[in-house]
Amino acid sequence: MIQAIATTPADHEVRLSNETLLLRPFCSQDSEPIHQAVRESINELGQWLSWCHPDYSIQDTLQFLRGRAEAFQRDSEYGFAIVERASGRFIGATGINQFEKAALRANLGYWLRTSATRRGYASQATKLVARWAFESLGLERIEIVAAVGNQASQRVAIRVGATREGIARKRLRVH
């Protein structure tokens, strides 16, 4: 089920959902849940995401949240909090970014807190966002770029039907 619901004028208004997940715009009340999720997952996420480091603080989270409205206003990113519908718990983030408007192409990224992995949540969130981006943004190509050793992200891409096109050397900077 894809639906657009008004939320805050400073950020996008898109909400996506299925029976299990709600993907919604970030809000200021997300600061502590995001911080807790990242701290819980430092060992797993820190291997692949340069923003996730041992000294990750609540200030890092607040800076991230301040950047959401600006990214939307620049039309450079649609970020979504991934929330477990049954519990209301913040479990991760996903989004569309790195737009190449002339090529109708963008990147799709995702991360989950460690305690929410291996439940199909990343695949579900990826399918929701990809379908919305193709239908609503008019994209013709969505890329999922994962580091060579990031098997978990590669498995998600395979599960959602992405086609592996190869290895792009020095495409990602991971630490």
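The values are calculated or read from the model by the stated rules, or taken from the named source; none is laboratory data. What you see is a predicted model, and the numbers here were worked out from it, not measured in a lab. All Cβ positions, even for glycine, are placed from backbone atoms using ideal geometry, and neighbour counts span all protein chains on display. Note: areas computed on protein heavy atoms with side chains; ligands, DNA, RNA excluded. Shrake-Rupley method; radii C 1.70, N 1.55, O 1.52, S 1.80 Å.
Under Stokes-Einstein, with the Kirkwood radius over Cα pairs standing in for Rh, what whole-number D in µm²/s applies to the range 75-130 at 10 °C and 1.306 mPa s?
132 µm²/s
Estimate the FRET efficiency between Ala103 and Cys27 by the formula 1/(1 + (r/R0)^6), using the beta-carbon distance for r and 30 Å for R0, to the nearest 0.05.
0.40
Per DSSP H run of n ≥ 4, the term is -39500 (n - 2.57); total these for the chain, divide by its residue number, and report the mean residue ellipticity at 222 nm rounded to 500 deg cm²/dmol.
-9500 deg cm²/dmol
What's the local net charge at Leu128, with K and R +1, D and E -1, over the other residues with C-beta under 13 Å away?
Value of the local net charge: +3.
Say R0 is 22 Å: what FRET efficiency, to the nearest 0.05, do Thr114 and Arg66 get from their beta-carbon distance?
In this case the efficiency is close to 0.30.
Tally up the carbon and sulfur contribution to the accessible surface of the range 83-175 as a whole percent, 1.4 Å probe, everything protein left in place.
Ligands and nucleic acids excluded, carbon and sulfur reach 50 percent.
In nm, to one decimal, how far is the modelled label at Glu135 from the one at Gln151, with both set 7 Å along Cα→Cβ?
Inter-label distance under the simple model: 3.5 nm.
Please list His12, His35 in order of solvent-accessible area, largest first, computed with a 1.4 Å probe with all protein chains present.
His35, His12
Work out the FRET efficiency for Arg164 and Glu19 from their Cβ-Cβ distance, taking R0 = 25 Å, and round it to the nearest 0.05.
0.30
With an 8 Å Cα cut-off and a minimum separation of 6 or more residues, compute the relative contact order for the chain in percent.
The normalised contact order for the chain reaches 20 percent.
Which three extents, in angstrom, do the Cα atoms of the chain have along their principal axes, listed largest first?
Principal axes ranked by extent give 39, 36, 31 Å for the Cα atoms.
Mean-square fluctuation check for the chain, GNM, Cα pairs under 10 Å: which of Ile58, Ile91, Ile158 is largest?
Residue with maximal mean-square fluctuation among Ile58, Ile91, Ile158: Ile158.
Which value, in Å², gives the accessible area per residue of the chain when a 1.4 Å probe is used on the protein heavy atoms?
Computed with neighbouring chains in place, this is 56 Å² per residue.
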